1. Of all residues in region 123-142, how many are part of a loop (DSSP other than H, G, I, E, B), open to solvent by 30 Å² or more (accessible area, probe 1.4 Å) and closer than 25 Å to Pro161 by Cα?
2. With the structure loaded, tell me whether Thr113 is under 16 Å from Met169 (Cβ atoms) and touching a residue at least 60 places away in the same chain (Cβ under 8 Å) or whether it fails that test.
3. On the given criteria, is Phe171 under 23 Å from Thr84 (Cβ atoms) and out of contact with any Leu (no Cβ under 7 Å at 6 or more places or on another chain)?
4. Is it true that some residue in region 147-157 is open to solvent by 70 Å² or more (accessible area, probe 1.4 Å) and among the acidic types (Asp, Glu)?
5. List the pairs whose first member sits in region 149-169 and is farther than 18 Å from Leu139 by Cβ, whose second member is assigned to a loop (DSSP other than H, G, I, E, B), and whose Cβ atoms are under 7 Å apart, counting only residues at least 6 apart or on separate chains?
6. Suppose the filter is surrounded by 11 or more Cβ atoms within 10 Å (Cβ to Cβ) and at pLDDT 85 or above; does Gln112 pass it?
7. Looking at region 89-105 only, could you name the residues that are more than 15 Å from Asp153 (Cα to Cα), touching a helix residue (DSSP H, G or I) at 6+ places or on another chain (Cβ under 8 Å) and surrounded by fewer than 19 Cβ atoms within 10 Å (Cβ to Cβ)?
8. Confirm whether Lys163 is under 30 Å from Gln72 (Cα atoms) and either open to solvent by less than 90 Å² (accessible area, probe 1.4 Å) or out of contact with any strand residue (DSSP E or B) (no Cβ under 6 Å at 6 or more places or on another chain) (or both).
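The values are calculated or read from the model by the stated rules, or taken from the named source; none is laboratory data. Remember, it's a predicted structure, so these values are computed and weren't measured experimentally. Don't worry about glycine lacking a Cβ; one is built from the backbone with ideal geometry, like all the others, and counts go over all protein chains shown. To get the accessible areas, we keep the full protein, side chains included, count just its heavy atoms, and leave off ligands, DNA and RNA. Shrake-Rupley method; radii C 1.70, N 1.55, O 1.52, S 1.80 Å.
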Amino acid sequence: MGLSSDIKAGAAYIELYMKNNALVRGLNGAQKRLKSFAMGVMSTGAKITGLATVALAPMVLMTNEFAATGDQLDKMSKRTGISTEALSELGFAAEQSGSDLAGIGESVKGMQTFMRGAERGMRRQVWAIDQLGLSYEDLKNLSPEDQFMMLADRLSRIEDPTKRAGLAMTFFGSAGEKLLPMFEN
């Protein structure tokens, strides 16, 4: 047996020579078209990714805004005793008339201060309720949202804008004046 140093391995070399230039040009053209197609696919993918990002951004923003509004409604509901559904509807109505949800919150706070005074029989509050054709007894057993709606409805029936504005501020504090367009509708 021979030693491993005595064994020589050879290398194989194969060369393919093409004489047909048309075939070579065809293969080169196909290669260029495949590269061009791949670049087009990559470009389209990048555009689709960009469009998806552009489309997704407003959704993320809306989701964040919706969550913040929901949180604000929940906290306001706990402070005022008015359901989140009613606050949402009132907030929408307020926005349609140039005010906002914060204005609703301030007006409810003013109304609750007013109702505490009416409960104690304070002259100004008793007089103001009487101006709407109501009494404290008509309001005391209603939920805060029903009190708000009844007062707003009765205010909307007052034709004299000066009297309506003065009573709105009496019932709802300074925020009442900002809600007058909403009460009119």
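1. Residues in region 123-142 being part of a loop (DSSP other than H, G, I, E, B), open to solvent by 30 Å² or more (accessible area, probe 1.4 Å) and closer than 25 Å to Pro161 by Cα: 2 in total.
2. Against the criterion (under 16 Å from Met169 (Cβ atoms) and touching a residue at least 60 places away in the same chain (Cβ under 8 Å)), Thr113 qualifies.
3. no
4. no
5. Sorted first by the residue in region 149-169, then by its partner, the pairs are Arg164/Ile158.
6. Yes: the conditions hold for Gln112.
7. Listed by number, the residues that qualify are Glu95, Gln96, Ser97, Gly98, Asp100, Leu101.
8. The answer is no for Lys163.
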